[in-house]
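The values are calculated or read from the model by the stated rules, or taken from the named source; none is laboratory data. Since the structure is predicted, the reported quantities are computational estimates derived from the model, not experimental observations. Note that each Cβ is placed from the backbone with ideal geometry, even for glycine, and that neighbours are counted across all protein chains shown.
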Amino acid sequence: MSSSTSPLPGRPAVSWRHEITRTQWLVLAGTTLGWGLDGFAGSLYILVLGPTMTELLPHGGIEPTGASIGFYGGLTVAMFLIGWATGGILFGMLADYFGRTRVLSIGILTYAVFSALAALADTWWQLAILRFIAGVGSGVEAPVGAALIAESWRNRFRARAGGVMMAGYAGGFFAAAAAYALLGDHGWRAMMLLAGLPALLVWFIRRYVPEPPEISDHMRSRRQRKAQGNSHSDDHFVLRRLFRAPLLRPMLVCTALATGALITFWSVSTWYPQILRALTAAAGLPREVADHRVAVAAMLFNAGGIVGYASWGFIADAIGRRRAFLISFAVSAAGIVWTFPFDRGYTEFLIAMPILGFGLFGALSGTFIYAPELFPPSVRATALAVCNSVGRYITALGPFVAGVIATSWFGGNLGIATAAVSAVGLIALVGLVFARETRGEPLPTDTTAHPVPHPEKSLS
């Protein structure tokens, strides 16, 4: 069964102002802010990674050289990504069983509180533990938020709303870069305290973001079947359902797409600040200049990312999902090949940053717009979480491996190491070969679904 999102024959066109409801705007605002503040907290840590390791490593008897900062800094980023992947699967399953908004609120509180607690760390391993727990909470926002958008925006604007929500992450990166430029001289601990801001969003979500009627109906029907002793295939454990036909194929496709996009994104976004710092130090310029250069580059990277994120849904509606992915992959590859394997100056980095942001963020946006169109609501949040969490488990090795191979193989050259690790992202092209086009198709529904009255209009 499928839920209709296409226009009804013979019905007059309806203005988007009348077609989009207040509820849909509130859902979009809540999920965009949540994902944006997630990006804000994550980006702050990346921006202060160098100074943080420089201060904490001596507390463990480790000299803060470029190689050791790369190794231990990469390890803390890997711990965060492992936590993100674990939390994504955990909260994704909980969201399919207990609803979207309650689980979303719990996850946001977790990552906000433990991101801020990182300001109290005294050693690198304490920081790594706190980053892991923050990552567990951070895993909730993208899969559950993307599912909420798809289930609430049941009209022709679904993909575009998904792109706007995803743009919040790059917006959060941009805000973090601005905060670092203005307040970075207060030190990394002050920056990590700012990462606790997402906790304020929980009040808004609990008050203004409703549970999609489709999900409420699904949970109610499942409870009734359980009380009556009835069993249906839709009631089987969600992970069991995802790894057998007919959902196995889309799971493999989405996992390949997400893994390729994620490993490339995190390898680039983790190490370009450190590459710029090394470039500045080699020129004999002070740390303050390096901090300013990193902040400017980050703002340009995320400005391109906002455009890449937000435009992906519009591009995908115009030319199809598969072609939109191709554009994102091609732009990303071109930017990486031009920027990292060669010795580039600061100005050349500034030119490349928005191009890299457009391609890398765009590919991430696509995975969360495309995947909800392949899975029914009873497994949708879990499917999105698992596809991306598998990618994140693999991705967790990316920043860490880049730091290791820069030392072992490339004489400390993080640029070449970043390009080499990013090449693993070509696995996304394998997934794209087997991906089916979903432009214009309605969302899948469960075989046990019953018609639920929706307040949202779904005319085109």
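Of note:
- Positions within region 123-152 being crowded, with 24+ Cβ neighbours inside 10 Å and of a type in the set (S, T, N, Q), in sequence order: S138, S152
- Taken together, the criteria place R287 among residues that are among the basic types (K, R), closer than 16 Å to V48 by Cα and surrounded by fewer than 22 Cβ atoms within 10 Å (Cβ to Cβ).
- Every listed requirement among (1) among the hydroxyl-bearing types (S, T, Y); (2) surrounded by fewer than 24 Cβ atoms within 10 Å (Cβ to Cβ); (3) under 22 Å from S267 (Cα atoms) is met by T32 save one, (3).
- Where a residue in region 351-373 is in contact (Cβ under 8 Å) with a residue 40 or more places away in the chain and among the aromatic types (F, W, Y) and its partner, wherever it lies, is surrounded by fewer than 24 Cβ atoms within 10 Å (Cβ to Cβ) and not in a helix (DSSP H, G or I), with Cβ under 8 Å and at least six apart: Y370/A435; Y370/T438
- The residues of region 123-142 that are in a helix (DSSP H, G or I), under 20 Å from F91 (Cα atoms) and aliphatic (A, V, I, L, M), listed by number, are I129, L130, I133, A134, V136, A142.
- Residue count for region 275-297 under the criterion of being hydrophobic (A, V, I, L, M, F, W, C) and out of contact with any helix residue (DSSP H, G or I) (no Cβ under 8 Å at 6 or more places or on another chain): the result is 3.
- Taking the criterion of being under 28 Å from the mean Cα position of the chain (by Cα) and either of a type in the set (S, T, Y) or not in a helix (DSSP H, G or I) (or both), the residues of region 55-76 that qualify are S68, Y72, T76.
- Listing of helices (runs of 4 or more DSSP H) fully contained in region 374-460 that carry 2 or more residues being at pLDDT 90 or above and of a type in the set (A, V, I, L, M): 377-395, 427-433
- Residues in region 180-205 that are farther than 24 Å from D122 by Cβ and either of a type in the set (A, V, I, L, M) or not in a helix (DSSP H, G or I) (or both): 6 in all.
- Residue match in region 321-328 (condition: in a helix (DSSP H, G or I), touching a Lys or Arg at 6+ places or on another chain (Cβ under 7 Å) and in contact (Cβ under 8 Å) with a residue 24 or more places away in the chain): yes
- Cβ pairs under 6 Å, 6+ apart, first in region 143-166 and under 13 Å from T367 (Cβ atoms) and assigned to a helix (DSSP H, G or I), second among the acidic types (D, E) and at pLDDT 90 or above: A159/D317
- From the options M191, M219, residue that is of a type outside the set (G, A, S), in contact (Cβ under 8 Å) with a residue 12 or more places away in the chain and touching a Leu at 6+ places or on another chain (Cβ under 7 Å): M191
- Matching residues in region 175-192 - criterion: being crowded, with 17+ Cβ neighbours inside 10 Å and closer than 21 Å to W35 by Cβ: A175, A176, A177, A179, Y180, M191, M192
- Each residue in region 204-229 was checked for being over 25 Å from the mean Cα position of the chain (by Cα) and charged (D, E, K, R), and 6 of them qualify.
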